[in-house]
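Engineer: Structure provided below as structure tokens; questions to follow.
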Amino acid sequence: MYGEGRAVCLGDDINTDLIIAGRYLRTKDRRVWAEHVFEDLDPGLADRLGGAVIIAGRNFGCGSSREQAVIALREAGVTGIVASGIARIFFRNAINIGLPVMECEVGCRDGAGVRFNLEEGWVETGGRRHMLHPISPRMLDILKAGGLVEVWRQRK
Amino acid sequence: MRGTLAERILGAPAGEYVDRRVDRAFCHDGTGVLTLEALRSMGVDVVACPDRTYIIFDHISPANNSTTSGLQHEVREFAAAQGVHFSEIGGGICHQVMSEGIVLPGEVVVGADSHSCTMGAFGAFATGVGATDMAGVLASGSTWFRVPSTIAVVLTGRAAPPVEPKDVALACVGRLGADGATYQALEFTGEGVSGMSMDGRLTLCNMAVETGAKAGLCYADETTCRYLAGFGHQGIEAQVPDDCSYADEIGIDLSDLPPLVAVPHDVDSVCEVERVAGTPIDQVFVGTCTNGRYEDLMRFASIVRGRKVAVRTVVVPASRGVLMQALGAGIYAEIVEAGCVVCPPGCGPCLGAHMGVLGEGEVCLSTANRNFRNRMGVGGAIYLSSVATAGASALTGEITVPEDEHVR
Ligand code: SF4
């Protein structure tokens, strides 16, 4: 499970209301979510997410269970999320749609290259390799399949 | 097995991964849409356990526009076709509906909503998940969990009016912080809990997720059994705590707890109401899965009864049951006479969808559980408080410390 991208640095306590505001939830059109992702945090951010790895602080994705938050990030082109802390439901949601999430404290410089490998459990940026909190084999399997929907499809 | 309540219900020690049958699964009009979509993409067309599945319309209820209406229509049709339990608009907020005689002690409960931890008040293991996870639960009737370690929250003393369970919940969130219990469970114990009504315990457990916790639990005791007997469940057994090991323990003394408030825009920015007293407000909101229960409305009515509110005030009963009780006791009329508007049971303005959305620069004092930036409307600011503080403030139009004489 290898991935890479350019760093986009964010702070602590980025909640799911900030990732995608409640006013955009009443649709099934994923492009709407990608278009308005982070709008209340920084309206210019959505355009910088293509090929980005988000690097954030504590409690990333806290708040509402809305899965539109992880979908919005993936649809906007985010390839992975690294944060020193990730809220529980957000973590499960990301795994369930096949979006790599990693808990790790790393320094962040906007635009810096980031590489990661979940199987080997590391993330690399700014010339330093950091070891990740390991995730369970089951979560890794779901991620590798591309999400829980794919796991079910393959089972059929 | 012995252990914390979470370990006992999930049947394994903290840190282990387990597969568990889900006793009650539910989603609402909001999360139901994506759940359905995920289920279809999985190629699953039959819900594994319709008798253990609940779909509850509460978030935008009744629908605010035709887009919402259309999405709700699909979920409603699905519920009918699958034969799952369905609660139509007006039935109430999912967590309250599930709390009215559905969830029982010792059960594993999974809801597609972050405040599903509310049902831990019954001594159940209840937690929130996202839509795809819920689709997996509907498809198989079970899911995986990592058994959480537990922080014991020991409540000593008793809260006396005007201090109420919401102040205890805010104190807990303030102490632990918004991520102080991530991946962990909170176990509320002590005389502060035994002296608390079921409504109060539901308020307390509701806000467990505001500390990042996976679940918040109270042991089922006499109060729990009596409450459930009121819904026709006889012979429910109380749960007796084991001598077990906790990851951490914090104590909160309720006897000297002041009325508290969470100031914009963080739920763990908690201070005494005193500190922000005099702040002008544009709206008061009493309701939600935190504080829209009968005891809450009763407390609110006792404050505004025979008086007039000085600021627009929206009151939303958490369920039809609550509404019927309020009607029966005459407090509905008192609340309306005091100048408040009472909206149909549901989430109401809590998520900023309708019935009390804030405008740019407006300030709301709310009894809800989240004060995130823009949640109730772009440019609005939210203070979170108890019902007593909300009532006292509604009468003055500014944030006001509730006094004994307010609660009559
Ligand atoms: S009342 Fe508010 S917090 Fe509770 S379920 Fe509804 S939207 Fe969520």
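Engineer: Could you list, in sequence order, the residues of the range A:64-91 that are closer than 21 Å to B:GLY180 by Cα and either of a type in the set (Ser, Thr, Tyr) or modelled with pLDDT under 95 (or both)?
Structural biologist: Passing the criteria: A:SER64, A:SER65, A:SER84.
Engineer: Considering A:GLY57, A:GLY80, A:GLY3, which residue is surrounded by fewer than 22 Cβ atoms within 10 Å (Cβ to Cβ) and over 30 Å from B:LEU358 (Cα atoms)?
Structural biologist: Just a single option satisfies the conditions, and that option is A:GLY3.
Engineer: So which helices (runs of 4 or more DSSP H) are wholly in the range A:9-88 and hold at least 1 residues that are among the aromatic types (Phe, Trp, Tyr)? Walk me through it before giving the result.
Structural biologist: Values: elements: A:16-19, A:30-35, A:68-75.
Here the list reads A:30-35.
Engineer: Among the residues of the range B:139-155, are any aliphatic (A, V, I, L, M), within 16 Å of the ligand (Cβ to nearest atom) and either at pLDDT 95 or above or on the phi < 0 side of the Ramachandran plot (or both)?
Structural biologist: Looking through the range B:139-155, none of the residues is aliphatic (A, V, I, L, M), within 16 Å of the ligand (Cβ to nearest atom) and either at pLDDT 95 or above or on the phi < 0 side of the Ramachandran plot (or both).
Engineer: Looking only at residues that are among the aliphatic types (A, V, I, L, M) and farther than 23 Å from B:ALA63 by Cα in the range A:12-38, which one is nearest to the other protein chains (Cβ to nearest Cβ)?
Structural biologist: By that ranking, first place goes to A:LEU18.
Engineer: Restricting attention to the range B:14-34, which residues are within 14 Å of chain A (Cβ to nearest Cβ) and either free of Cβ contacts under 8 Å to residues at least 60 places away in the same chain or under 20 Å from B:GLY92 (Cα atoms) (or both)?
Structural biologist: The answer is B:ALA25, B:PHE26, B:CYS27, B:HIS28, B:ASP29, B:GLY30, B:THR31, B:GLY32, B:VAL33.
Engineer: Could you tell me how many of the residues in the range B:324-348 are out of contact with any Gly (no Cβ under 9 Å at 6 or more places or on another chain), of a type in the set (A, V, I, L, M, F, W, C) and away from the ligand (no atom under 16 Å from the Cβ)?
Structural biologist: Keep residues of the range B:324-348 that are out of contact with any Gly (no Cβ under 9 Å at 6 or more places or on another chain), which gives B:324-333, B:335-336, B:339-340, B:342.
Narrowing the set further to residues that are of a type in the set (A, V, I, L, M, F, W, C) leaves B:324, B:326-327, B:329, B:331, B:333, B:335-336, B:340, B:342.
Filter once more, so that each one left must be away from the ligand (no atom under 16 Å from the Cβ): B:324, B:326-327, B:329, B:331, B:333, B:335-336, B:340.
Residues meeting the conditions: 9.
Engineer: Take the range B:272-294 and flag every residue that is touching a Gly at 6+ places or on another chain (Cβ under 7 Å) and either of a type in the set (Lys, Arg) or more than 15 Å from the ligand (Cβ to nearest atom) (or both).
Structural biologist: B:PRO280, B:ILE281, B:GLN283 - these are the residues of the range B:272-294 that are touching a Gly at 6+ places or on another chain (Cβ under 7 Å) and either of a type in the set (Lys, Arg) or more than 15 Å from the ligand (Cβ to nearest atom) (or both).
To keep it simple, each residue is scored yes or no on (1) touching a Pro at 6+ places or on another chain (Cβ under 7 Å); (2) within 29 Å of B:ASP113 (Cβ to Cβ).
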site: A:GLY80; (1), (2): yes, yes
site: A:PHE91; (1), (2): no, yes
site: A:GLY113; (1), (2): no, no
site: A:HIS130; (1), (2): no, no
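Engineer: Quick one: in the range B:268-298, which of the residues that are aliphatic (A, V, I, L, M) and farther than 23 Å from B:MET196 by Cα is surrounded by the most Cβ atoms within 10 Å (Cβ to Cβ)?
Structural biologist: B:VAL284
Engineer: OK, next. A:GLY113 - would you say it is at negative phi, away from chain B (no Cβ under 12 Å) and in contact with a Lys or Arg (Cβ under 9 Å, 6 or more places away or on another chain)?
Structural biologist: Criteria met by A:GLY113.
Engineer: Still on this structure, please answer the following. Would you mind stating whether B:LEU176 is more than 16 Å from the ligand (Cβ to nearest atom) and within 28 Å of B:ARG299 (Cβ to Cβ)?
Structural biologist: Answer is yes for this residue.
Engineer: For residues in the range B:389-408 being modelled with pLDDT of 95 or more and touching a helix residue (DSSP H, G or I) at 6+ places or on another chain (Cβ under 6 Å), which is nearest to B:GLU334 (Cα to Cα)?
Structural biologist: Applying the filter and picking the extreme gives B:GLY391.
Engineer: Which residue is surrounded by the fewest Cβ atoms within 10 Å (Cβ to Cβ), if the candidates are limited to the range B:151-189 and must be within 14 Å of chain A (Cβ to nearest Cβ) and part of a helix (DSSP H, G or I)?
Structural biologist: Applying the filter and picking the extreme gives B:LEU176.
Engineer: Pairs needed: first member in the range B:358-378, within 12 Å of chain A (Cβ to nearest Cβ) and free of Cβ contacts under 8 Å to residues at least 24 places away in the same chain; second member anywhere, within 14 Å of the ligand (Cβ to nearest atom) and part of a loop (DSSP other than H, G, I, E, B); C-beta distance under 7 Å; at least 6 residues apart or different chains.
Structural biologist: Matching pairs, first to second residue: B:ASN374/A:ALA21.
Engineer: Name the one entry in B:ALA310, B:ALA353, B:ALA238 that is in the same structural domain as B:ARG373 (by TED's automatic domain parsing), surrounded by fewer than 17 Cβ atoms within 10 Å (Cβ to Cβ), in contact with a helix residue (DSSP H, G or I) (Cβ under 9 Å, 6 or more places away or on another chain) and outside any helix (DSSP H, G or I).
Structural biologist: B:ALA310
Engineer: Tell me which residues, restricted to the range B:134-144, are buried (at least 24 other Cβ atoms within 10 Å of the Cβ) and either assigned by TED's automatic domain parsing to the domain that holds B:GLU295 or out of contact with any Lys or Arg (no Cβ under 9 Å at 6 or more places or on another chain) (or both).
Structural biologist: B:MET134, B:GLY136, B:VAL137, B:LEU138
The values are calculated or read from the model by the stated rules, or taken from the named source; none is laboratory data. On a predicted model such as this, the values are computed, not experimentally measured, just so you know. Positions of Cβ are generated from backbone atoms using ideal geometry, with glycine treated the same way; all protein chains shown enter the neighbour counts.
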